[in-house]
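Student: Pasting a structure here, questions to come.
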Number of protein chains: 2
Amino acid sequence: MSETVPTLSFDEVVDRLLQRKEPYQRNYRAMYSSWYGGIITDPALMMVPIDDHLVHRGDGIFEALKGVDWRVYALERHLDRMEYSAKMSSHSLPLSRAELTETILATVRAGNLADCSIRIFLSRGPGGFSASPYECPESQLYIVVTTLQTPSPEKYARGVSLRTSAIPVKNDYFATIKSCNYLPNVLMRKEAEDAGVDFTVSIDEQGFLAEGPTENIGIITLNREFLVPRFDRILRGTTVSRAMELAESLLDAGDLVRMGEMDLTPEDAYHAAEMMMFGTSFDVLPVVNYDGHRIGDGQPGFFARKFRELLREDMHRCDEMITPVRGA
Amino acid sequence: MSETVPTLSFDEVVDRLLQRKEPYQRNYRAMYSSWYGGIITDPALMMVPIDDHLVHRGDGIFEALKGVDWRVYALERHLDRMEYSAKMSSHSLPLSRAELTETILATVRAGNLADCSIRIFLSRGPGGFSASPYECPESQLYIVVTTLQTPSPEKYARGVSLRTSAIPVKNDYFATIKSCNYLPNVLMRKEAEDAGVDFTVSIDEQGFLAEGPTENIGIITLNREFLVPRFDRILRGTTVSRAMELAESLLDAGDLVRMGEMDLTPEDAYHAAEMMMFGTSFDVLPVVNYDGHRIGDGQPGFFARKFRELLREDMHRCDEMITPVRGA
């Protein structure tokens, strides 16, 4: 019988990959693949084996970092979190920390962008299609460097809108792991776009504020307290964590009177002086509207701007937080 | 500066793919990829783009079917469930049901195995590395045909062991979707292998029996009732569902007095006459030990054997449940 679905030879597939040029692939600058054993810059080959359990089970962990002006920001913090995620999901890193760092930097160099997004994926590896991690002989590491997508200046100047999510949260255990099981986060991202707001924020089973699809939230109370949801139920964001460290100077100066993790309700946020989102790609964004409530005076506030300034300064000046892409 | 991580050309990657022969790849017989636009049989190219959100977010759904004696079993049931998973996670099928069926059968024909495993993945598609589904212009479909892995005859003859899992369950919403967010299932599978038992079974927040990593459970009470956990909190397995339909004949014959979904505790199972696991690849396996408790008389029972007989008969004789691989 004749087949309506063509069978392709190896060469035909390679030809099709070479022919396929998608506009979004222009953003992809370099990929390291342990499966290939090196770095490639042609987006056509930025692929992974379908039997890698990362693909069919989401059995992998990841980190998203950024490069700023030829420096990788907060690399050690991200690698620390990656080690935590690995431990919590029984993954082991196939490289030493020094080798991993060198591989990341080599990929960033190959990407050849002063500012970039860097994504690191640690997978269970190929070996079959069951759920068992024991059928996979070795973990794989994939690193992708792309152009950095940032919000328009208007978002910083006018603020963003937020809505409470209807998507059920992950349980505490899995919420603290940056794994590739992000379907709830994907549906929250979709929910925001469908509702015409910038972000949605999830609420845990007890009614407390949790997190955005890939962002942390924080509020400044009318009493000048900087409060964030407790990190034992959500992903410990590197940006918000660093912002809290940098905000110590604001405590010292008396601009803030208190800072900490706390169970926060949407009501707490509705009546806050300021509310903000924290994320690797955009640093800090002021929230001016949450569930239709005007936050503060409806304008971006002092602390959102100040936190961003502190972070931007940190990215350029704090030796401890930056790793030069081109070596010493 | 010299690079310790090599940069590879397109041709070098293709050469490395061709050279890389892993023993487990022998099980992979055919893959359809909408990204390639056809079917390939060379495992080296059984790959997917890393920017497909299936890879980096687990943003995809799947089904695992089997081919038995050149027939695909329960195809319509699996496609029905796939449509449900798609709806619940806002995916849309890029093909009509008829086209999808034809593509599956063509891939099975290319795999050229009388008995096989068939895995269907519907992904959000490539387009970038954010969580937003809206950056992906089109969904992709991947179908993989492999050799069928089945338990040793001893497992049927002597029974299997089961233990209560310590891994937290997914919430109800996500538990009913067959998505590629399977990290909890992966950790349950690992837990079983680490503990030296055949399977573990999860317990929901209320303390009721839920499901195995990729299997359903059922019990036969001392009163000859066939009871399974409620499907509103777990994945509705195709095998257990079909077993329940076929078991109607056992109700009619008076072998069973009742059948249904119910909140079941581990205690209920400890004191059951029989306990069994249901799954696509193995049909039905008798559980003879659960948490160290001997189930029934510690031997595989009548109903586990009978359910399997009914299912095997169904696979060979029920026109409504089988789809010939080679057409009419």
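The values are calculated or read from the model by the stated rules, or taken from the named source; none is laboratory data. No experiment lies behind these values; they were computed from the predicted model shown. Neighbour counts are summed over all protein chains in view; Cβ atoms, including those assigned to glycine, are modelled from backbone coordinates with ideal geometry.
Student: Of the residues A:H316, A:H293, only one is loosely packed, with under 14 Cβ neighbours inside 10 Å and touching a residue at least 12 places away in the same chain (Cβ under 8 Å); which?
Tutor: On the way: A:H293 fails: loosely packed, with under 14 Cβ neighbours inside 10 Å.
That would be A:H316, the only listed residue that is loosely packed, with under 14 Cβ neighbours inside 10 Å and touching a residue at least 12 places away in the same chain (Cβ under 8 Å).
Student: Just one of (1) buried (at least 20 other Cβ atoms within 10 Å of the Cβ); (2) within 13 Å of chain A (Cβ to nearest Cβ) trips up B:G218, so point out which.
Tutor: All conditions are met except number (2).
Student: Taking the condition under 20 Å from the mean Cα position of the chain (by Cα), modelled with pLDDT of 95 or more and within 23 Å of A:L235 (Cα to Cα), does A:R81 pass?
Tutor: yes
Student: Still on this structure: Would you say B:N181 is of a type in the set (S, T, N, Q), within 12 Å of another protein chain (Cβ to nearest Cβ), surrounded by 24 or more Cβ atoms within 10 Å (Cβ to Cβ) and touching a strand residue (DSSP E or B) at 6+ places or on another chain (Cβ under 9 Å)? Before you say what the answer is, go through the steps one by one.
Tutor: Values: of a type in the set (S, T, N, Q): yes; within 12 Å of another protein chain (Cβ to nearest Cβ): yes; surrounded by 24 or more Cβ atoms within 10 Å (Cβ to Cβ): yes; touching a strand residue (DSSP E or B) at 6+ places or on another chain (Cβ under 9 Å): yes.
Yes, satisfied.
Student: Confirm whether A:A44 is farther than 26 Å from A:V240 by Cβ, more than 7 Å from chain B (Cβ to nearest Cβ) and in contact with a Leu (Cβ under 9 Å, 6 or more places away or on another chain). I'd like the intermediate steps shown before the answer.
Tutor: Values: farther than 26 Å from A:V240 by Cβ: yes; more than 7 Å from chain B (Cβ to nearest Cβ): yes; in contact with a Leu (Cβ under 9 Å, 6 or more places away or on another chain): yes.
Answer is yes for this residue.
Student: So, in the range A:23-40, of the ones that are more than 7 Å from chain B (Cβ to nearest Cβ) and in a loop (DSSP other than H, G, I, E, B), which residue ends up nearest to the chain's Cα centre (by Cα)?
Tutor: Here the residue is A:S34.
Student: B:E267 - would you say it is crowded, with 24+ Cβ neighbours inside 10 Å and not aromatic (F, W, Y)?
Tutor: Details: crowded, with 24+ Cβ neighbours inside 10 Å: no; not aromatic (F, W, Y): yes.
Against the criterion (crowded, with 24+ Cβ neighbours inside 10 Å and not aromatic (F, W, Y)), B:E267 does not qualify.
Student: Now a separate question. Would you say A:R294 is in the same structural domain as A:T239 (by TED's automatic domain parsing), of a type in the set (K, R) and within 20 Å of A:T150 (Cβ to Cβ)? Spell out the reasoning first.
Tutor: Working: in the same structural domain as A:T239 (by TED's automatic domain parsing): yes; of a type in the set (K, R): yes; within 20 Å of A:T150 (Cβ to Cβ): no.
In short, no.
Student: While we're looking at this one, here's another question. Is one or more of the residues making up the range B:106-120 free of Cβ contacts under 8 Å to residues at least 12 places away in the same chain, within 24 Å of B:M321 (Cα to Cα) and not in a strand (DSSP E or B)?
Tutor: no
Student: Considering the range B:295-328 alone, what residues qualify as being closer than 15 Å to B:W70 by Cα and either part of a loop (DSSP other than H, G, I, E, B) or among the hydroxyl-bearing types (S, T, Y) (or both)?
Tutor: B:C318, B:T323, B:V325, B:R326, B:G327, B:A328
Student: Answer yes or no: is there a residue in the range A:136-153 that is small (G, A, S), touching a His at 6+ places or on another chain (Cβ under 8 Å) and away from chain B (no Cβ under 11 Å).
Tutor: Yes: the range A:136-153 contains one or more residues that are small (G, A, S), touching a His at 6+ places or on another chain (Cβ under 8 Å) and away from chain B (no Cβ under 11 Å).
Student: Select the helices (runs of 4 or more DSSP H) contained entirely in the range A:221-274, then report the ones holding at least 1 residues which are within 19 Å of A:V201 (Cβ to Cβ).
Tutor: So the answer is A:238-246, A:266-270.
Student: A:S132 versus (1) touching a strand residue (DSSP E or B) at 6+ places or on another chain (Cβ under 6 Å); (2) within 30 Å of B:T147 (Cβ to Cβ); (3) at the interface with chain B (Cβ under 10 Å from one of its Cβ atoms): which is the lone unmet condition?
Tutor: (1)
Student: Would you mind stating whether A:M88 is in contact with a Pro (Cβ under 6 Å, 6 or more places away or on another chain) and closer than 27 Å to B:N181 by Cβ?
Tutor: no
Student: While we're here: Please enumerate the residues belonging to the range B:41-53 that are in a loop (DSSP other than H, G, I, E, B) and more than 22 Å from A:G58 (Cβ to Cβ).
Tutor: B:T41, B:D42 - these are the residues of the range B:41-53 that are in a loop (DSSP other than H, G, I, E, B) and more than 22 Å from A:G58 (Cβ to Cβ).
Student: Can I ask one more? Within the range A:142-170, how many residues are surrounded by 22 or more Cβ atoms within 10 Å (Cβ to Cβ) and either more than 30 Å from A:E205 (Cβ to Cβ) or not assigned by TED's automatic domain parsing to the domain that holds A:L209 (or both)? Spell out the reasoning first.
Tutor: Here is the first cut: in the range A:142-170, the residues surrounded by 22 or more Cβ atoms within 10 Å (Cβ to Cβ) are A:142-146, A:159-160, A:162, A:165, A:170.
Now restrict to residues that are either more than 30 Å from A:E205 (Cβ to Cβ) or not assigned by TED's automatic domain parsing to the domain that holds A:L209 (or both): A:142-146.
Final tally of qualifying residues: 5.
Student: Identify the single condition in (1) out of contact with any Cys (no Cβ under 7 Å at 6 or more places or on another chain); (2) assigned to a strand (DSSP E or B) that B:F62 does not satisfy, given that it satisfies every other one.
Tutor: That leaves (1) as the condition not met.
Student: Would you mind finding the one in A:E12, A:E83, A:E76 that is among the acidic types (D, E), facing chain B (nearest Cβ under 9 Å), outside any loop (DSSP other than H, G, I, E, B) and out of contact with any Pro (no Cβ under 7 Å at 6 or more places or on another chain)?
Tutor: Answer to the selection: A:E12.
Student: For the range B:157-189, enumerate the residues that are in a helix (DSSP H, G or I) and within 16 Å of the chain's Cα centre (by Cα).
Tutor: Result: B:F174, B:A175, B:L183, B:P184, B:N185, B:V186, B:L187, B:M188, B:R189.
Student: Among the listed residues B:L122, B:L113, identify the single one that is more than 10 Å from every other protein chain (Cβ to nearest Cβ), modelled with pLDDT of 95 or more and surrounded by fewer than 22 Cβ atoms within 10 Å (Cβ to Cβ).
Tutor: None of the others qualify; the one that does is B:L113.
Student: Residues A:D194, A:D283, A:D255: which one is surrounded by fewer than 16 Cβ atoms within 10 Å (Cβ to Cβ) and more than 25 Å from A:P168 (Cβ to Cβ)?
Tutor: The conditions single out A:D255.
Student: In the range A:242-251, is there at least one residue being exposed (fewer than 15 other Cβ atoms within 10 Å of the Cβ) and polar (S, T, N, Q)?
Tutor: yes
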